[in-house]
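What follows draws every value from the coordinates through simple rules; no lab data is involved. Since the structure is predicted, the reported quantities are computational estimates derived from the model, not experimental observations. Backbone-built Cβ (ideal geometry, glycine too); neighbour counts: all protein chains shown.
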Amino acid sequence: MSAVAGAGRSRPATPWSRRDVVRAVVGTGVGGGLIGLSWFFAAGRGRPGGQFLFVCLALAGAVLGVATVSEWLRTGRSAVRVWSWALLGDTGDTAATGVAPASSAAVVARLDGKWMHRSDCLLAQGRNWAPAPLAEHQAAGRRPCRASRPGAADGVSS
Ligand SMILES: [Zn+2]
């Protein structure tokens, strides 16, 4: 199993495909164009009723632009999530990363943090966080780190 296709998930070479780029350019272009044309055609019309159509078109352009940028961001975040899983791993596939998965039963967290980690998690190394019982972290409302998964069945029993 290669690092590129770890755990059966394909990992794109870039966050956005060529199709995403075209979609973003066309979506923001059309949205901006609608706003510009509406501005142009609404200019000089003194009565609100005459401007109503163009205000609606401008709003549609704004909605299109926001939707396009939102989709762009969502796609990028999705790619980053896939990459982080490939990097941090939840498969125990040490050949892909060269790093053994965290297995310590000691659970640590930043005092005001919202994530708890196994003490040997890469995200917790070098931070000098004092270990505490799992229940204490849970009572503080902390969620298990998705890379080291403290509290998961493997490792806590050891
Ligand atoms: Zn962790």
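Nearest 0.05, what FRET efficiency do Val26 and Trp83 give at R0 = 41 Å with Cβ-Cβ as r?
0.95
Label Val55 and Ser17 with points 7 Å out from Cα along Cα→Cβ: what is the distance between them in nm?
4.1
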